[in-house]
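Below you'll find the structure, written out as structure tokens, and then a few comments.
Here, each number is a calculation from the coordinates, and none is a lab measurement. Predicted, not measured: the structure shown is a model, and the values here were computed from it. All Cβ positions, even for glycine, are placed from backbone atoms using ideal geometry, and neighbour counts span all protein chains on display.
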Amino acid sequence: MNKVFAFSLLAFCVGCSSGDGDPLQSEISTNNVEIISISPDTAEEGVNTEFTVTISYELVDFDQGEVNIGFNVDEQDSYTIIYDQVVSKGAGSFTAIISAVPVEYAPNGSFEVYANISEYPHPNTWTPLASDFKAIVITQNMGATLFQSMDLDDYNLICYTNYEEQCINF
């Protein structure tokens, strides 16, 4: 009797092993989206920047899905979707080139790229199946807006001289 029970248990668990082709493995898969990379990962505040974003995804619950990519350009905790791509069931990846104007949210937050995956087509009100964020380092804009050239004429200059009557400071 023990041999029959042991053989039955062994036969039952043959499908329980882990590895490729495991029936239980596919049930564990979930919808997923991940930002693999963003380039550049540093951008200047207020300067329209072209970002290259690489996304990987896995869609298991629907035949088609939509990957959306955006940035928090208007508010720290609100993302504006700038790019979307329809994808098919399964796993895959793609690269998108997207322009945005970075905003500095430090010290309480950061400028971020955002990606989500949803069913396609989705209703007007929907919740993403999965999402991901990646921060982008923002540098201060040191452009011409901080420094303005001045038109000067020689009659309006003040010159401080040293004891040899040489102009040392304007």
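Mind listing the long-range amide H neighbours of VAL87? Cut-off is under 5 Å, sequence gap 5 or more, other chains count too, H placed in the peptide plane at 1.01 Å from N.
It is GLY65, GLU66, VAL67, by chain and number.
What is the local net charge at ASP41, summed over the other residues whose Cβ is closer than 12 Å to its Cβ (Lys, Arg +1; Asp, Glu -1)?
0
First measure r as the distance between the Cβ atoms of GLU34 and THR139, then evaluate 1/(1 + (r/R0)^6) with R0 = 22 Å and state the FRET efficiency to the nearest 0.05.
Approximately 0.25, to the nearest 0.05.
For PHE94 and ASP61, compute 0.36 nm times the residue count separating them, minus their Cα-Cα distance, and round to one decimal in nm.
In short, 9.9 nm is gained.
Simple spin-label model, 7 Å along Cα-to-Cβ: THR42 to GLN76 in nm?
Going by the 7 Å Cα→Cβ label model, 2.3 nm.
Just grab the label-to-label distance for GLU104 and ASP84, each label 7 Å out from Cα along the Cβ direction, in nm (one decimal).
Spacing of the two 7 Å Cα→Cβ label points: 3.4 nm.
Can you tally the net charge around TRP126? Count Lys and Arg as +1, Asp and Glu as -1, for every other residue whose Cβ sits under 14 Å from the Cβ of TRP126.
-4
In Å, the Kirkwood hydrodynamic radius of the range 32-82 over pairs of distinct alpha carbons?
12.9 Å is the Kirkwood radius here.
Which net charge results when you count Lys and Arg as +1 and Asp and Glu as -1 among the other residues whose beta-carbon is under 12 Å from that of ALA115?
Taking every other residue near ALA115 into account, the sum is -4.
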